Amino acid sequence: MNHPYEPVPHQPVLYHEVLDALRPESDKYYVDGTLGAGGHAEGILHRSEPLGKLVGLDLDPQALAISNKRLSLFGERVITQQASYLLLPEILNQLGWHQVHGILLDLGVSSMQIDQPGRGFSFQAEGPLDMRFNRETGLSAADLVNTLSEARLSKVLWEFGEERFSRRIARAIVAARPINTTTELADLIKKEIPGYESHIHPATRTFQALRIATNQELETLSKALPNLVSCLAAGGRIAVISFHSLEDRIVKQFFKKEGQDCICPPERPVCTCGHVASLKLITKKPIRPTQDEIIRNPRSSSAKLRVAEKI
């Protein structure tokens, strides 16, 4: 019998595309920085048999419990740890791994997190307004909703959710505080913006923005990318799946910058920056799910995969 929160293992987003991009081989080392249920990691370990090794990181202890069970057949070839991918250099140093040959990030919230009402990620079921990947540390979404000023709350909704009614929603939230559950917040927004873009729930962008702010997702990604590239061996690849335009923009701009030697302003006649390219772009444009995959898994529709190789 499955654990009450344990999903039936499913094929993760862009599964074959990720494996083709990372090209796992035996006797090489890999990192899944957002392990989740372990689907991508399982594929990497199978393809790198018999000697390939993988480090899997995740902030969510429930996800780690599920992935540990799923990956147990690989024995000592897999090492998992509850940690942010931001800490990868320190973790590899502790393990005595000098460099790795492939790194994967599958950003955002997972299906199993959304499907657990107690985690607070979904506006479709009653639950505490939490949204933390690691519920043992940091402020929850409820903390932000009930303490941020109206101006700051509006800015979060606009910047992280691209919510055009951010000021109106922030004003309504402040007037209704305290708000402690997902349905309280969702119902408030629905009343505030009736009929707004009927093909999606009016609370979608607000919940997305609060999740990103709660987990400091964009800040972590921006800080981590240079660290991750520093961990790659020459010829090693980094693959990043994003589901949000702001995440994708960060990855795109970083890969572009690290894919060229000079990053001086165009008007400067002679290079003075001394920047040397560290990456070769493998994907000029992001890889998107096929129509068949989107039909099987509608949540994959916004996924974008970008890949670069260490020079």
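Restricting Asn134, Asn93 to those that are out of contact with any Pro (no Cβ under 6 Å at 6 or more places or on another chain), of a type outside the set (A, V, I, L, M, F, W, C) and within 25 Å of Ser300 (Cα to Cα) reduces the list to Asn134.
In region 133-145, of all residues being open to solvent by less than 40 Å² (accessible area, probe 1.4 Å) and within 18 Å of Phe160 (Cβ to Cβ), the one that is modelled with the lowest pLDDT corresponds to Phe133. Within region 41-60, the residues that satisfy the criterion of being part of a helix (DSSP H, G or I) and either without any contact (Cβ under 8 Å) to a residue 24 or more places away in the chain or open to solvent by less than 10 Å² (accessible area, probe 1.4 Å) (or both) are Ala41, Gly43, Ile44, Leu45, His46. For region 134-146, the criterion of a residue being free of Cβ contacts under 8 Å to residues at least 24 places away in the same chain, of a type in the set (A, V, I, L, M, F, W, C), farther than 17 Å from Ala63 by Cα and not in a helix (DSSP H, G or I) is satisfied by no position.
From the list Gln253, Gln260, the one residue that fits, being polar (S, T, N, Q) and within 22 Å of the chain's Cα centre (by Cα), is Gln253. Of all residues in region 283-299, exactly one satisfies the criterion of being surrounded by 12 or more Cβ atoms within 10 Å (Cβ to Cβ), part of a helix (DSSP H, G or I) and β-branched (Val, Ile, Thr), namely Ile294.
Where helices (runs of 4 or more DSSP H) fall wholly inside region 153-257, the ranges with 3 or more residues that are under 30 Å from Leu305 (Cβ atoms) and of a type in the set (A, V, I, L, M, F, W, C) are 204-215, 217-230. Can you find a residue in region 75-87 that is within 19 Å of Met131 (Cα to Cα) and either of a type in the set (Ser, Thr, Tyr) or crowded, with 19+ Cβ neighbours inside 10 Å (or both)? Yes, some residue in region 75-87 is within 19 Å of Met131 (Cα to Cα) and either of a type in the set (Ser, Thr, Tyr) or crowded, with 19+ Cβ neighbours inside 10 Å (or both). Pairs linking a residue in region 186-207 that is over 20 Å from Phe121 (Cα atoms) and open to solvent by 50 Å² or more (accessible area, probe 1.4 Å) to a residue that is modelled with pLDDT of 90 or more and outside any loop (DSSP other than H, G, I, E, B), with Cβ atoms under 7 Å and 6 or more positions apart or on different chains, are Glu192/Arg168; Glu192/Ile169; Glu192/Ala172. If the condition is being open to solvent by 100 Å² or more (accessible area, probe 1.4 Å) and in contact (Cβ under 8 Å) with a residue 24 or more places away in the chain, then region 260-282 contributes only Lys280. Restricting region 117-128 to residues that are surrounded by fewer than 18 Cβ atoms within 10 Å (Cβ to Cβ) and not hydrophobic (A, V, I, L, M, F, W, C), the residue that is modelled with the highest pLDDT is Pro128.
The values are calculated or read from the model by the stated rules, or taken from the named source; none is laboratory data. Keep in mind the model is a prediction, meaning the values are calculated, not measured. Please note: Cβ atoms are built from the backbone with ideal geometry, for glycine as well, and neighbour counts cover all protein chains shown. Note: areas computed on protein heavy atoms with side chains; ligands, DNA, RNA excluded. Shrake-Rupley method; radii C 1.70, N 1.55, O 1.52, S 1.80 Å.
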